[in-house]
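The values are calculated or read from the model by the stated rules, or taken from the named source; none is laboratory data. Computed from a prediction, not measured in an experiment: that's the story for all the values here. Note: ideal-geometry Cβ built from the backbone for every residue, glycine included; neighbour counts use all protein chains shown. Calculation scope for accessible area: heavy atoms of the full protein, side chains included, ligands and nucleic acids excluded. Shrake-Rupley method; radii C 1.70, N 1.55, O 1.52, S 1.80 Å.
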Amino acid sequence: MNKKIMTSIKLQKMLHYKMLQRIISDGYGMRGKSKWIIEAIESFLQLPDYPSLVDIADEMEQLSEIISIRLSENLMAKLDQAIIDVRRQYPAMEGVKSNLIRASIMQRLIRISTSVTEY
(Lines give C-alpha, C1' and ligand atoms only; values in the text may rest on other atoms or scores of the structure.)
Protein backbone atom coordinates (compact mmCIF):
# COMPACT_ATOMS: atom_id res chain seq x y z
CA MET A 1 0.00 0.00 0.00
CA ASN A 2 1.21 3.48 -0.83
CA LYS A 3 2.08 5.35 2.36
CA LYS A 4 0.56 8.80 2.90
CA ILE A 5 2.70 11.77 3.87
CA MET A 6 1.20 14.80 5.62
CA THR A 7 2.25 18.23 4.50
CA SER A 8 0.97 21.71 5.29
CA ILE A 9 0.89 24.91 3.31
CA LYS A 10 -0.35 28.44 3.85
CA LEU A 11 -2.89 30.12 1.60
CA GLN A 12 -4.33 33.59 1.35
CA LYS A 13 -7.70 33.85 3.05
CA MET A 14 -9.58 34.58 -0.22
CA LEU A 15 -7.84 31.77 -2.12
CA HIS A 16 -8.68 29.36 0.70
CA TYR A 17 -12.32 30.47 0.64
CA LYS A 18 -12.59 30.11 -3.15
CA MET A 19 -10.95 26.69 -3.01
CA LEU A 20 -13.42 25.47 -0.37
CA GLN A 21 -16.33 26.80 -2.43
CA ARG A 22 -15.05 24.97 -5.52
CA ILE A 23 -14.45 21.73 -3.60
CA ILE A 24 -18.06 21.77 -2.44
CA SER A 25 -19.50 22.84 -5.80
CA ASP A 26 -17.47 20.12 -7.56
CA GLY A 27 -19.17 17.58 -5.29
CA TYR A 28 -16.16 16.53 -3.23
CA GLY A 29 -17.59 17.61 0.12
CA MET A 30 -15.42 18.83 2.98
CA ARG A 31 -13.75 15.44 3.36
CA GLY A 32 -12.63 15.54 -0.26
CA LYS A 33 -10.24 18.45 0.13
CA SER A 34 -7.06 16.36 -0.14
CA LYS A 35 -8.40 14.47 -3.16
CA TRP A 36 -9.28 17.73 -4.93
CA ILE A 37 -5.84 19.21 -4.18
CA ILE A 38 -4.07 15.99 -5.27
CA GLU A 39 -5.92 16.12 -8.59
CA ALA A 40 -4.95 19.79 -8.93
CA ILE A 41 -1.26 18.97 -8.33
CA GLU A 42 -1.27 16.02 -10.74
CA SER A 43 -2.85 18.03 -13.56
CA PHE A 44 -0.60 21.03 -12.84
CA LEU A 45 2.54 18.90 -13.15
CA GLN A 46 1.33 17.78 -16.59
CA LEU A 47 1.51 21.35 -17.91
CA PRO A 48 4.65 21.87 -20.01
CA ASP A 49 5.20 25.38 -18.58
CA TYR A 50 4.44 24.62 -14.91
CA PRO A 51 7.82 25.90 -13.60
CA SER A 52 7.08 29.39 -14.92
CA LEU A 53 3.60 29.32 -13.33
CA VAL A 54 5.09 28.61 -9.88
CA ASP A 55 6.63 32.08 -9.90
CA ILE A 56 3.14 33.60 -9.60
CA ALA A 57 2.53 31.75 -6.33
CA ASP A 58 5.86 33.01 -5.00
CA GLU A 59 4.51 36.58 -5.17
CA MET A 60 1.61 35.86 -2.80
CA GLU A 61 1.44 37.80 0.43
CA GLN A 62 -0.66 37.58 3.58
CA LEU A 63 -0.61 33.78 3.77
CA SER A 64 -2.72 33.26 6.87
CA GLU A 65 -4.74 30.08 6.32
CA ILE A 66 -2.94 26.81 7.06
CA ILE A 67 -4.18 23.65 5.39
CA SER A 68 -2.90 20.11 5.80
CA ILE A 69 -3.11 17.48 3.08
CA ARG A 70 -2.13 13.84 2.74
CA LEU A 71 -0.08 13.02 -0.33
CA SER A 72 1.02 9.61 -1.53
CA GLU A 73 4.72 8.74 -1.64
CA ASN A 74 4.41 8.59 -5.42
CA LEU A 75 3.06 12.14 -5.65
CA MET A 76 5.70 13.36 -3.18
CA ALA A 77 8.37 11.89 -5.49
CA LYS A 78 6.83 13.79 -8.41
CA LEU A 79 6.81 16.96 -6.31
CA ASP A 80 10.48 16.42 -5.40
CA GLN A 81 11.34 16.21 -9.11
CA ALA A 82 9.20 19.29 -9.79
CA ILE A 83 11.11 21.18 -7.08
CA ILE A 84 14.33 20.41 -8.95
CA ASP A 85 12.80 21.62 -12.22
CA VAL A 86 11.59 24.86 -10.63
CA ARG A 87 14.93 25.47 -8.89
CA ARG A 88 16.69 25.21 -12.26
CA GLN A 89 14.60 28.14 -13.46
CA TYR A 90 14.38 30.04 -10.14
CA PRO A 91 17.41 29.05 -8.03
CA ALA A 92 16.76 31.62 -5.29
CA MET A 93 13.05 30.80 -4.76
CA GLU A 94 12.14 29.86 -1.21
CA GLY A 95 9.38 27.43 -0.25
CA VAL A 96 9.19 25.77 -3.65
CA LYS A 97 7.00 22.84 -2.56
CA SER A 98 4.41 25.17 -1.01
CA ASN A 99 4.54 27.40 -4.07
CA LEU A 100 3.99 24.37 -6.32
CA ILE A 101 0.91 23.34 -4.35
CA ARG A 102 -0.43 26.92 -4.22
CA ALA A 103 0.09 27.31 -7.98
CA SER A 104 -1.69 23.98 -8.55
CA ILE A 105 -4.71 25.18 -6.58
CA MET A 106 -4.77 28.53 -8.38
CA GLN A 107 -4.50 26.90 -11.81
CA ARG A 108 -7.32 24.46 -11.05
CA LEU A 109 -9.53 27.34 -9.96
CA ILE A 110 -8.61 29.44 -13.01
CA ARG A 111 -8.70 26.74 -15.65
CA ILE A 112 -12.04 25.29 -14.61
CA SER A 113 -13.69 28.67 -14.16
CA THR A 114 -12.51 29.93 -17.54
CA SER A 115 -13.70 26.79 -19.31
CA VAL A 116 -17.15 27.16 -17.74
CA THR A 117 -17.49 30.83 -18.73
CA GLU A 118 -16.72 30.07 -22.37
CA TYR A 119 -20.22 28.67 -22.92
Which one of the conditions (1) more than 15 Å from residue 7 (Cβ to Cβ); (2) within 14 Å of the chain's Cα centre (by Cα) does residue 62 fail to meet, given that it meets all the rest? (2)
Kindly indicate whether residue 65 is surrounded by 11 or more Cβ atoms within 10 Å (Cβ to Cβ) and in contact with a His (Cβ under 7 Å, 6 or more places away or on another chain). yes
Residue satisfying all of: in region 1-49; open to solvent by 40 Å² or more (accessible area, probe 1.4 Å) and assigned to a strand (DSSP E or B); farthest from residue 68 (Cα to Cα) among these: 12
Region 53-73: number of residues that are assigned to a helix (DSSP H, G or I), of a type outside the set (Val, Ile, Thr) and within 12 Å of residue 100 (Cβ to Cβ): 4
Residues of region 77-99 satisfying the condition of being touching a residue at least 60 places away in the same chain (Cβ under 8 Å) and either loosely packed, with under 15 Cβ neighbours inside 10 Å or polar (S, T, N, Q) (or both): 98
Of the residues in region 50-59, how many are surrounded by 15 or more Cβ atoms within 10 Å (Cβ to Cβ) and either touching a residue at least 40 places away in the same chain (Cβ under 8 Å) or acidic (Asp, Glu) (or both)? 5
